[in-house]
Amino acid sequence: MSKPVRINPDGSTDYPVDEVCAEMDRLIKQGCIVFVKYTCDKCGERVTSNVPNSFAREGYIHEEKGDGTPCGHLTVPIGINQLTISSTDPKKQQQLLEAILGKQGLGKGN
Ligand SMILES: [Zn+2]
């Protein structure tokens, strides 16, 4: 990986989209489930896409913030990161998947 394109106040980092997408492809081929993480341009919140194994080049609308209030901003990220669910433990994989998909305040892909 090259240098991060963004370092957030919470210490999380975003890398160039093409690099992260290449890494995602590699992980998906290994059987992992991967979710894109990005940073909302308006409110600065860290958002995890709820669409597995895909990156929306047209951007993400941050519908609801972590505190339940609406955001509604469309971010076309120049840098992203990823949340990977490894394929090695199917039970843990399922638990994590449910936790992610059931969580409020997720950004929505396309
Ligand atoms: Zn936002």
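The values are calculated or read from the model by the stated rules, or taken from the named source; none is laboratory data. What you are looking at is a predicted structure, and each value in this text was computed from that prediction instead of being measured. No Cβ is skipped: glycine too gets one built from the backbone with ideal geometry, and neighbour counts run over all protein chains shown.
A few notes on this one:
- Taken together, the residues in the stretch 1-43 that are assigned to a loop (DSSP other than H, G, I, E, B), more than 21 Å from residue 100 (Cβ to Cβ) and not β-branched (Val, Ile, Thr) amount to 7.
- The C-beta contact set for the stretch 22-50 (first residue more than 21 Å from residue 74 (Cβ to Cβ), second residue assigned to a helix (DSSP H, G or I), distance under 7 angstrom, 6+ apart or interchain) comprises 33/93; 33/97; 34/24; 34/27; 34/28.
- Residue check, residue 66 of a type outside the set (Val, Ile, Thr), modelled with pLDDT under 95 and either under 21 Å from residue 11 (Cβ atoms) or touching a His at 6+ places or on another chain (Cβ under 8 Å) (or both): yes
- Selection status of residue 18, more than 12 Å from the ligand (Cβ to nearest atom) and at pLDDT 95 or above: yes
- Residue selected from the stretch 28-63 under the condition acidic (Asp, Glu) and under 16 Å from residue 9 (Cβ atoms), by the criterion nearest to the ligand (Cβ to nearest atom): 45
- Single residue of the stretch 79-105 satisfying the filter (within 16 Å of the ligand (Cβ to nearest atom) and in a loop (DSSP other than H, G, I, E, B)) that is surrounded by the most Cβ atoms within 10 Å (Cβ to Cβ): 105
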